[in-house]
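> Take this structure first; my questions come after.
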């Protein structure tokens, strides 16, 4: 075997990747959590994520909102 990951049924696993931006006034971690929670409402078989960007907005000379761009990986159904 070539070292590829196999699904439980012995079929090679195929995953799709989406980028989702979550926001929060509480912090970057909460913004990432919001991104995953929102994606989970409409996408099945979520497996893992990676935060690819952190940004934010400034309001009245202070941090107004945190933005986390989250790359989410999920299994493609066959």
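Read-outs: derived from the displayed coordinates by stated rules, not from any lab. Predicted model, so just to flag it, every value in this text is computed and none were measured.
> Given N residues in the range 15-75, what is Rg(Cα) / (2.2 N^0.38 Å)?
Working: Rg = 12.3 Å, N = 61, 2.2 N^0.38 = 10.5 Å.
Ratio of Cα Rg to 2.2 N^0.38 Å: 1.17.
> Calculate, in nm to one decimal, what residue 25 and residue 38 gain on full extension: separation in residues at 0.36 nm each, minus their alpha carbon distance.
Contour length minus the Cα-Cα distance gives 3.1 nm.
> Another question, if that's okay. So for the chain, averaging the separation of alpha carbon pairs under 8 Å that are six or more residues apart and normalising by length, what relative contact order in percent results?
Contact order relative to length: 38 percent.
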